[in-house]
Amino acid sequence: ARGLARRGVMVQRLDAIESLARAQHFFFDKTGTLTEDRLQLSAVTLTPAGQGVFTEVRHATARAAALAAWSTHPLSRALAAAGEADTQPAAWSQIEEVAGQGLRARDEAGRNWRLGAPSWVDAAATAGDAAQVWLGCDGRALAAFEFEEALRPGTTEALQVLRAEGVRVTVLTGDTPARALALAARIGVDDVRAGATPEAKLAAVTAAQAAGQRVAMVGDGINDAPVLARADVSLAMGQGALVSRSQADAVIASNQLGDLVRARHTAQQALRIVRQNFVWAGSYNALCIPLALVGWLPPWAAGLGMALSSLVVVFNALRAAR
């Protein structure tokens, strides 16, 4: 456990070490586990009306970011951060945030601006598959901002290592099928299940266990608590919800999936060392006990041999912590 802790994984139940080493099927939640809990701006598109208002895309981003700064919505925060360098204080007035729709405000010229859902900004605008925020003025859509979730550093590499070692990897996400396919292409995993509710996640893990597989689940949210409790071994992200961390067998304190792979290798090495110690102890006893019984091994030699055997076992076990 001390060796795993140095690798960024805090084990809460020692029997999880064996299950982690022998896990055959890893299930991963997406948001907050494979991805950061923040979004990043990936594309900006100006509408024909927007091309007549803004000379450059960055001007549209700066205008939208200035309005987005008045909201704490995750998409608004991401947009405000993306345009922060080019954003100048705007003379907004009558700022109002409408739940489920977006922001509206009036500029210094008296024009009405909206930032939010496409149909709310412009009745003729339609949403795409990606997470989007639209900017409009006086009922006309001017620009669309698309966002994607930032993968945690080393996520793709960690998943590829697991797959190369013969482990089956499944990603469970509540996203639409189109966004799930896009995620699969980014991380190189072909088993990504879209529209996964907490009940669907639990059913997927249960089905894998019924098929005879030893299952590991990695998650971070409140909704992941039931499936974390159901898996043979469960790991929660260090930044995850308290209830998910309390249900997990181990916590990835570093929030890096690379540490999960290294922890699994450490657990496998620990099992190899345990088997070596069993083989050594069994061989020693099988050889020395009969010799002592027939009198061919004097008591002092038997005692010395037992002490040396114990030291061999102890020092060999210490290798697991290195």
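Summary of computed values
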| quantity | calculated |
| --- | --- |
| In the stretch 140-242, the GluC sites (Glu not before Pro) that fall in loop regions by DSSP, at most 16 other Cβ within 10 Å | E165 |
| Gain upon complete extension [L287, H265; 0.36 nm per residue less C-alpha separation] | 4.6 nm |
| Amide H contacts under 5 Å for N112, placed H, 5+ residues apart | D138 |
| For A131, distant residues with modelled amide H under 5 Å away | F147 |
| Integer Hz, Karplus 6.51/-1.76/1.60 couplings in order for the stretch 135-149, x for Gly and Pro | 10, x, 9, 6, x, 10, 6, 10, 7, 10, 10, 9, 10, 9, 6 |
| Extended-chain gain in nm, criterion 0.36 nm per residue less alpha-carbon gap, R106 and L151 | 12.6 nm |
| Positive-end extreme of charge dipole, the stretch 220-278 - chosen from A270, N255, G221 (charges on Cβ) | A270 |
| Estimated FRET transfer efficiency (S246, Q24; beta-carbon r; R0 22 Å; 0.05) | 0.30 |
| Long-range amide H partners of A43 with built H, under 5 Å | E146 |
| Cα centroid separation, the stretch 38-69 to the stretch 173-241 (Å) | 35 |
| Dipole moment magnitude, nearest 20 debye, the stretch 58-169 about Cα centre, only Lys, Arg, Asp, Glu C-beta charged | 80 |
| Cα-projected label distance for A123 with V53, points at 7 Å along beta-carbon direction, nm | 1.8 |
| Virtual spin-label span in nm between A164 and T72, 7 Å along Cα→Cβ | 4.4 |
| Kirkwood hydrodynamic radius of the stretch 121-278, Cα pairs, Å | 17.9 |
| In Hz, Karplus ³J(HN,Hα) per residue of the stretch 17-30 (6.51, -1.76, 1.60; θ = phi - 60°; x = Gly, Pro) | 4, 5, 5, 5, 5, 9, 4, 9, 9, 9, 9, 10, 6, 9 |
| Estimated vicinal HN-Hα couplings, Hz - the stretch 228-243 in sequence order (Karplus 6.51, -1.76, 1.60; Gly, Pro = x) | 5, 5, 7, 5, 5, 9, 10, 10, 10, 6, x, 8, x, 5, 4, 5 |
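Any read-out appearing in this document is the output of simple, stated calculations on the displayed coordinates, not a laboratory observation. Since the model is a prediction, treat every value here as computed from it, not as a measurement. FYI the Cβ positions are ideal-geometry reconstructions off the backbone, even for glycines, and counts take in every protein chain you see.
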